[in-house]
Amino acid sequence: MASPKKQPPSTPEGTPTGVLQDGRRRVVIENVTPEIDAGRFPIKRIVRDTVSVEADIFADGHDALSCILQFRKDSAVQWTEAFMDPLGNDRWRMEFRVDETGRYRYAIVAWVDPFKTWRRDLITRIKAGLDISVDLLVGARILKEASRRASAQDAPTLLAWVDTLTAPASAEETSRAANDPDLTLLMQRYSSRDHATTYDKNLAVVVDREKARYSTWYEVFPRSRWANDAHPGTLRDCETRLSYIAALGFDVLYLPPIHPIGRSHRKGKNNAIQAAPDDPGSPWAIGAVEGGHKSVDPQLGTLEDFRNLVRKCADCGLEIALDLAFQCSRDHPYIKEHPEFFRLRPDGTVQYAENPPKKYEDIYPFDFESEHWPQLWEELLGIVNFWISQGVRIFRVDNPHTKPVSFWEWLITKVKADNPDVLFLSEAFTRPKVMYGLAKLGFTQSYTYFTWRNTKSELREYLTELTKTVVSEFFRPNLWPNTPDILPEYLQSGGRPAFMIRLALAATLGASYGIYGPAYELCENRPREAGGEEYLNSEKYEVKQWDIDRADSLKDFIGRVNRIRRDNPALQRNTRLTFHDVDNNQLMCYSKSSDDLTNVIVIAVTLDPFHTQTGWTTLQLDALGVSPDEPFQVEDLLTGTRYFWKGARTFLEINPGTLPAQIFSVRRRTRTERQFDYYV
């Protein structure tokens, strides 16, 4: 009896690890962009953005290739496909648009295309005057095979094309038939992909709403007094402040923790270890007998007061951003209800939080290495979902770098699966790789090192890194010139002009920025000690009194800058930030523009808060959409003054005592004005 015929192995013995299991797949796909860490993390986009995908795609020999970009919403079953365009040198490109919040997927598929190869070679032979009779038979066979893959409606059409190609005709007619657009579309639709290569990385896009790209934040402690308030503020008092905040042009109202504050080891004024009886304590020491993370401090009001504030904010064009601080005071209900969530020291006590050299004796951190970590994760997710149910859609997350990154990836993914409109701002002033890692795994926006970048070279290098490298695919910067924790040395020593300079930089370099007010507009610059960044009489530890009507307030300047941001789409994104050289290191000049160059803004800022500075800037005119010999008009949107510029060289003079920044809107001549060589 004959032995059964031995089947060839699917993969030859000795095939190196990583080689395709089907050796007939001849196409190689590599160097795909955008792609973060080999597809481990998603890129980020905003609703109605386009995702431009490129890749190096090639095969052995000279056969023609077909390449498609596949994309779909995560919840969809079917892929949408678009044929990629060759850019030359084996580089291919195609883009797709994301129209909804949530997660999208994209992939690349490529194959050796017999029809495209046949058609290319056929045209070559026709031009060379060679015999093409066999080529026509080859083409007919390719079309017949495609007809077997075609729908019942299209199959007869393909067979009719077989007759057309094999019928006697001139070389010109045959060439025209082979290149017919209708035939091309049919062959694209029914091209054989039996040996296609699919890119082996799982590529994703997280799509957020517009607020993720462009937002203007104002941080305020609701318990502080404003104007002539005789008592500590409440959530209801916050309602009366909304018109002021909205008039300044802010669209996000950020509240530090609003929960009950612990009494044990409560901090006193200026972070004193011993508190006086009437000291309110730090809002970040969360939890007391009145409740924990799902409760409102009774001194601020009730949960209904908070819900009402959310509604009032919406009426004023504002959104509430709530602080999310996963830590507990020593009086938090969790201490008794869930002692397993905390780490005990050998003496049986819980270790308080530290961030050397800072100590937080009033705070207990969670133990994320506890064997009860699954229950801890679920409990913390429940806190987020609770506040989402109260109307919160933005969270500012306190010190996320002190919790496991795997926890944040899990939590943010879970939250956004059900609520894709929720945004998370990462407050992680830490090492660059940790900051970027948190952004990759899901944080929508991130605090930055802008607070400590003061020189022109520092600012230019850092903003270039954030906007012109792969970092821009996953890291959305939110620039803050100050916070309740950070009073930079530049603001301590530069006086009122320094506050104006840093605000102008933050508001125009970044599409998202924020300030801690009213400390900012009132130029609060007194440090607790020389060389430190803590405020003297910090609002974190006491109820402050703010006179928002003071004559020296920067509120009018801030309002003007924010209105300019609102009215100019160029300032609402970071993708087209261009730096222009200035021959004076105390002056910065840069521009932003919309993608179509219909809105172009040029910004000049002095970095010297004390002296008038002058210099010549050399503009990159192509970034402004202006020809070298074309005169154009600019208007300083801060003052209304207009100038006529021509050519790349422009003189700048800025007096910080008057106005330390100039924000120019560029107006190019219309076609009619160019036609009649007339410019208004």
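Quick one: in the stretch 262-276, which of the residues that are touching a residue at least 12 places away in the same chain (Cβ under 8 Å) and closer than 17 Å to Lys544 by Cα is most open to solvent (accessible area, probe 1.4 Å)?
Lys269
Taking the conditions exactly as written (touching a residue at least 24 places away in the same chain (Cβ under 8 Å), surrounded by fewer than 18 Cβ atoms within 10 Å (Cβ to Cβ), of a type in the set (Asp, Glu) and assigned to a loop (DSSP other than H, G, I, E, B)), does Glu95 satisfy them or not?
For Glu95, the condition - touching a residue at least 24 places away in the same chain (Cβ under 8 Å), surrounded by fewer than 18 Cβ atoms within 10 Å (Cβ to Cβ), of a type in the set (Asp, Glu) and assigned to a loop (DSSP other than H, G, I, E, B) - is not met.
Go through the stretch 124-161 and give me each residue that's open to solvent by less than 30 Å² (accessible area, probe 1.4 Å), within 16 Å of Glu172 (Cβ to Cβ) and assigned to a helix (DSSP H, G or I).
Listed by number, the residues that qualify are Asp135, Leu136.
For (1) in contact with a strand residue (DSSP E or B) (Cβ under 7 Å, 6 or more places away or on another chain); (2) more than 30 Å from Thr467 (Cβ to Cβ), each residue gets a yes or a no:
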position	(1), (2)
Ala55	yes, no
Leu69	yes, no
Ala76	no, yes
Glu81	yes, yes
Met94	yes, no
Arg105	yes, no
Ile108	yes, no
Trp111	yes, yes
Pro114	no, yes
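Quick one: is Arg48 out of contact with any Phe, Trp or Tyr (no Cβ under 8 Å at 6 or more places or on another chain), basic (Lys, Arg), touching a residue at least 40 places away in the same chain (Cβ under 8 Å) and under 30 Å from Leu423 (Cα atoms)?
The answer is yes for Arg48.
His231 - would you say it is assigned to a loop (DSSP other than H, G, I, E, B), touching a Lys or Arg at 6+ places or on another chain (Cβ under 7 Å) and open to solvent by 60 Å² or more (accessible area, probe 1.4 Å)?
Against the criterion (assigned to a loop (DSSP other than H, G, I, E, B), touching a Lys or Arg at 6+ places or on another chain (Cβ under 7 Å) and open to solvent by 60 Å² or more (accessible area, probe 1.4 Å)), His231 does not qualify.
I need the full set of residues from the stretch 555-570 which are touching an Asp or Glu at 6+ places or on another chain (Cβ under 8 Å) and either within 14 Å of Tyr513 (Cβ to Cβ) or open to solvent by less than 20 Å² (accessible area, probe 1.4 Å) (or both), in order please.
Once the filter is applied, which keeps residues that are touching an Asp or Glu at 6+ places or on another chain (Cβ under 8 Å) and either within 14 Å of Tyr513 (Cβ to Cβ) or open to solvent by less than 20 Å² (accessible area, probe 1.4 Å) (or both), the stretch 555-570 yields only Ile558.
Which numbered condition in (1) assigned to a helix (DSSP H, G or I); (2) within 33 Å of the chain's Cα centre (by Cα); (3) on the phi > 0 side of the Ramachandran plot is the only one that Gly249 fails?
Single failed check for Gly249: (1).
Conditions tested, residue by residue: (1) touching a residue at least 60 places away in the same chain (Cβ under 8 Å); (2) over 30 Å from Leu463 (Cα atoms); (3) surrounded by 13 or more Cβ atoms within 10 Å (Cβ to Cβ).
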| site | (1), (2), (3) |
| --- | --- |
| Arg345 | no, yes, no |
| Pro374 | no, yes, no |
| Trp377 | no, yes, yes |
| Trp387 | yes, yes, yes |
| Leu411 | no, no, yes |
| Leu423 | yes, no, yes |
| Glu427 | no, no, yes |
| Arg431 | no, no, no |
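Pairs only if they're at least six apart or on different chains, beta carbon under 8 angstrom, first in the stretch 287-313 and on the phi > 0 side of the Ramachandran plot and basic (Lys, Arg), second at pLDDT below 95 and open to solvent by less than 20 Å² (accessible area, probe 1.4 Å); list them, first residue then second.
Once the first residue is on the phi > 0 side of the Ramachandran plot and basic (Lys, Arg) and sits in the stretch 287-313, no partner that is at pLDDT below 95 and open to solvent by less than 20 Å² (accessible area, probe 1.4 Å) comes close enough.
The values are calculated or read from the model by the stated rules, or taken from the named source; none is laboratory data. Because the structure is predicted, anything quoted here is derived from the model rather than measured. For neighbour counting, all protein chains shown are included, and Cβ atoms are generated from backbone atoms with ideal geometry for every residue, glycine included. With ligands, DNA and RNA removed, areas are computed over all heavy atoms of the protein, side chains included. Shrake-Rupley method; radii C 1.70, N 1.55, O 1.52, S 1.80 Å.
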